[in-house]
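Student: Mind having a look at this structure? Questions to follow.
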Amino acid sequence: AYFPPGGGRHLSVPSSDAFDMGSGDFTIECFVRSNASLGGTIVAKTHTYPSSNHSFVFILSTAGALIAYVSTTGTSNTTSVASAAGVVPELTWTHVAMVRSGNTLMVCANGVVVASTAFSQPLFKSPTPLTIGALGETPSSFLTGYIDELRITTGIARYPGAIPTESLPNTPPSLS
């Protein structure tokens, strides 16, 4: 999906138990190609971040860092993990993932763990829709660029450590 500059475009998926991570393993992954200097939300399950029905947020910072925020209370960030700047280069297709494996929350770029932290509690079960390319039910923090092949898996940590690049799904074709 293409998310043009200036915001306003995002996808919203109705709330579903399929997006409730609980205390088990999970993987949220996709390919992104964005103007990283603008940053924005990749995917989120929150009403008003971080104060209302907040479960998780996966964002790309203006410096090209991946940041994951999770909540056990629904009203604040319980834990966050952030990569170094530049792990998602501008205008380049990058496979990104937010993963919990056992008691570890991590973010990955192209199959490599770029940041991790301890996290063992259950995520808040938010009744809000899942938003793609924006943050919350009253959307903000819009991503500018592309998101492709978004996959959310509960019960499986697909990238618990570094994996060979050849194991990643095919990179989407070049866009003109």
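The values are calculated or read from the model by the stated rules, or taken from the named source; none is laboratory data. This structure is a prediction, so every number in the text was calculated from the model and none was measured. Here the Cβ positions follow ideal geometry from the backbone for every residue, glycine too, while neighbour counts run over all protein chains shown. Please note that ligands, DNA and RNA were not included when accessible areas were found on the heavy atoms of the full protein model with its side chains. Shrake-Rupley method; radii C 1.70, N 1.55, O 1.52, S 1.80 Å.
Student: Tell me which residues, restricted to the stretch 140-176, are assigned to a loop (DSSP other than H, G, I, E, B), at pLDDT 85 or above, small (Gly, Ala, Ser) and at negative phi.
Tutor: Ala157
Student: Criterion first (in contact with a helix residue (DSSP H, G or I) (Cβ under 9 Å, 6 or more places away or on another chain), touching a residue at least 60 places away in the same chain (Cβ under 8 Å) and aliphatic (A, V, I, L, M)) does Leu38 satisfy it?
Tutor: Answer is no for this residue.
Student: Residue check: is Val107 of a type outside the set (Lys, Arg), at pLDDT below 95 and in a strand (DSSP E or B)?
Tutor: no
Student: Could you list, in sequence order, the residues of the stretch 16-52 that are of a type in the set (S, T, N, Q), farther than 13 Å from Ser141 by Cβ and modelled with pLDDT under 90?
Tutor: Across the stretch 16-52, the qualifying residues are Ser16, Asn35, Ser37, Ser51, Ser52.
Student: Among the candidates Ser140, Ser116, Ser101, Ser120, single out the residue that is open to solvent by 10 Å² or more (accessible area, probe 1.4 Å) and under 16 Å from Gly39 (Cβ atoms).
Tutor: Of the residues listed, the single one that is open to solvent by 10 Å² or more (accessible area, probe 1.4 Å) and under 16 Å from Gly39 (Cβ atoms) is Ser140.
Student: For Leu105, state whether it is in contact with a strand residue (DSSP E or B) (Cβ under 7 Å, 6 or more places away or on another chain) and in contact (Cβ under 8 Å) with a residue 40 or more places away in the chain.
Tutor: For Leu105, the condition - in contact with a strand residue (DSSP E or B) (Cβ under 7 Å, 6 or more places away or on another chain) and in contact (Cβ under 8 Å) with a residue 40 or more places away in the chain - is not met.
Student: Residues that are crowded, with 22+ Cβ neighbours inside 10 Å and out of contact with any Pro (no Cβ under 6 Å at 6 or more places or on another chain): list the strands (runs of 3 or more DSSP E) wholly contained in the stretch 4-59 that include at least 3 such residues.
Tutor: 26-34, 40-45
Student: I need the full set of residues from the stretch 114-139 which are in contact (Cβ under 8 Å) with a residue 60 or more places away in the chain and either among the hydroxyl-bearing types (Ser, Thr, Tyr) or not in a loop (DSSP other than H, G, I, E, B) (or both), in order please.
Tutor: Ser120, Ser126, Thr128, Leu130, Thr131, Ile132, Leu135, Thr138
Student: Then there's this: How many residues does the stretch 63-76 hold that are polar (S, T, N, Q) and within 15 Å of the chain's Cα centre (by Cα)?
Tutor: Keep residues of the stretch 63-76 that are polar (S, T, N, Q), which gives 71-73, 75-76.
Those left that are additionally within 15 Å of the chain's Cα centre (by Cα): 71.
So the count comes out to 1.
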